[in-house]
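Before any comments, here is the structure.
The values are calculated or read from the model by the stated rules, or taken from the named source; none is laboratory data. Nothing here was measured: the structure is a model prediction, and the numbers come from that model. With ideal geometry, Cβ positions are generated from the backbone for all residues, glycine too; neighbour counts draw on all protein chains shown. Note: accessible area is taken over every heavy atom of the protein model, side chains too, but ligands, DNA and RNA are not part of it. Shrake-Rupley method; radii C 1.70, N 1.55, O 1.52, S 1.80 Å.
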Amino acid sequence: MGTDADDKPREACGVVAMRCINKDAATYIYYALRAIQHRGQEAAGIAVNSKGLIVKKGLGLVADVISSEDIEKLSGKVGIGHTYYSIKVSKPENIQPQFLKTGVGDIAIAHNGIIVNSGLLITKLKNEGKNFIIESEEEAIIMMLADAIRSTNDIPKSIKAVCKELIGSYAFTLMINDRVFAIRDPYGIRPLCLGKLPDGKGYVAASESVALDVLGAKFVRDVLPGEAVELTDDGFKSTNIAPSINRAHCFFEWVYFARADSVIDGLSVYDVRKRIGWRLAKEAPVVADVVVPIPDSGRAHAYGFSMGSNIKMLEGLMKNRYIHRTFIMPSQAARDISVREKINPVRAVVEGKRVVIVDDSIVRGTTMKRIVSMLRTNGGASEVHVRIGSPPLIAPCYLGIDMTNRDQFIAGGNKEIDEIRKEIGADTLAYISIDGLVEAITMDKDNLCLGCVSDEYPVSIPGERRRFQQTLANFE
Ligand code: SF4
């Protein structure tokens, strides 16, 4: 992960679903959530069904929120879980899984993504006389599901009907009484995959394959865009809920969000990052003595850059791994110290050297500026060149990532690269091109969301340009 949480895009959640033959669903979910803790560190929760819904959730890391006593109480064969980073204000009532006891039973949901038209859906439900507790998009989805199940008495059909109303990004895990589902939006914007526990012990769905690895589960496949998969005692039962005309996988999953040991939509995150670095070395070569990764986010990109440039890579920056979250210090002196305690140059590596630092992205540029300066003043580097593994971030994300306004980007407002270079104090600065990025991911450009670097989005967002003009109206 990045060196400064305030200067990195933040992921908005990780989800898990579990169906097992014994009553250990919560144990599996607990470990799976810990494996995807990087996707959200503000809150966590687990819901299981065992002759009724039991939920434990709270603010904090998974290990802080769920105790061994909780796991004992959360005894059940089916369950869902969530790690949370709220792009809204962190309020305890927003923590997921969210649940309601409805006329058709207990419904709980864990959601990664953003429903762009949630305001309209909530207004519509209110006009129909529904009473909301927290007015969240998840609460709206539960209410819509309950209504649909009441009228169709068919859960997959109801999921399909509700998903047709949703615009935005969603990877859900959903528990309706003792049935559990994993659902992915028609564009496949956020990741979701399926696995099988060893010795026929059960089935799992999770945001990233690394969660399956930790459980010893075998990766089966990704949930397809526009697919709802029920986890059953014998495996998976698939329902097509919407046509997937264009995929729009979030490119940032490979560049930064996902763990490097995950495989997303068939592509190893580590390999993609390495290819990005290699490509960057070809697109923006530099004469230098050493390639230094920004720990930990730029490591695989830097390795690729080193291979592509034939410049050796060395660990010229060390990160203090025991600092997770700091409150904003009141004095400038204290703030300066807090940056230096997070990351420090290795003088033996960088002193007198022409250094290339490689990272995945720059949002505000504040951390990068400090690192460049630190390499010169504390480390004694003679030159500092910066190479970035994503194109310049210029536009907000409306689809689940915490980059919600245009003012926050150092590259915003059509700024020239040289202006940014001056701001961060580097000798040279280069970002990978959009075409270079797409080639490194090895996926068709039309199957990627590139909204925050191209300013064109895969779904209709009021006031923004849309890339795909197809309509889902004819789908039955
Ligand atoms: S706008 Fe950017 S961060 Fe958001 S989903 Fe698209 S590619 Fe990902």
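Over all other residues within a Cβ to Cβ distance under 12 Å of Leu317, the charged ones net out to +3, with Lys and Arg as +1 and Asp and Glu as -1. Listed by chain and number, the lysines whose alpha-carbon sits under 22 Å from that of Lys201, ignoring those within fewer than 8 places in the same chain, are Lys23, Lys51, Lys73, Lys77, Lys218, Lys237.
Mean residue ellipticity at 222 nm from the helices of the chain, using -39,500 (n - 2.57) per DSSP H segment of n ≥ 4 over the full residue count, to the nearest 500 deg cm²/dmol? Taking each H run of at least 4 residues, the total per residue is -8000 deg cm²/dmol. Residue ranking by accessible heavy-atom surface, 1.4 Å probe, largest first, among Ser382, Ser309, Ser297 comes out as Ser382, Ser309, Ser297. The figure for Phe236 is an accessible area of roughly 60 square angstrom, using a 1.4 Å probe on the protein chains alone.
Between the beta carbons of Ile245 and Asn131, assuming R0 = 30 Å, the FRET efficiency works out to 0.25 to the nearest 0.05. Per-atom-type breakdown for the chain gives carbon and sulfur 51% of the accessible area (1.4 Å probe, protein chains only). Please identify the DSSP H helices in the chain that span no less than 18 Å along the helix axis (Cα) and have a mean Kyte-Doolittle hydropathy of -0.5 or more. Correct list, ordered by number: 137-152.
For region 273-307 versus region 149-185, the inter-centroid distance based on Cα atoms is 43 Å. Ranking of Val116, Val16 by solvent-accessible surface, largest first: Val116, Val16 (1.4 Å probe, protein heavy atoms only, all chains present). Orientation-averaged projection of region 270-456 equals 10.9 nm² [convex hull of Cα atoms, one quarter of hull surface area].
So, by mean Cβ neighbours within 10 angstrom, what's the order for 411-417, 45-51 with the highest one leading? If you can, show how the numbers build up before the last one.
Details: 411-417: 13.4, 45-51: 23.6.
Highest mean packing first, the order is 45-51, 411-417.
Count charges around Leu448 for me, please; just the other residues with Cβ under 12 Å from its Cβ, Lys/Arg as +1, Asp/Glu as -1. Summing Lys/Arg as +1 and Asp/Glu as -1 gives -4.
How would Val349, Val55 rank on accessible area, largest to smallest, probe 1.4 Å?
Numbers: Val349 25, Val55 45 Å².
So the residues, ranked largest to smallest area, are Val55, Val349.
When restricted to Cα atoms, the chain yields an Rg and a Dmax of 22.7, 73 Å, respectively. For region 5-247, the C-alpha radius of gyration sits at 0.92 times the compact-globule guess of 2.2 N^0.38 Å, with N the residue count. Per residue, region 270-456 exposes 44 Å² of accessible surface when a 1.4 Å probe is rolled over the protein heavy atoms with every protein chain present.
Report the number of Lys pairs in region 270-456 whose alpha-carbons are under 15 Å apart, with separation of 8 or more residues or on distinct chains.
Values: Lys274/Lys282; Lys274/Lys312; Lys312/Lys353; Lys319/Lys342; Lys342/Lys369; Lys369/Lys422.
Lysine pairs meeting both conditions in region 270-456 amount to 6.
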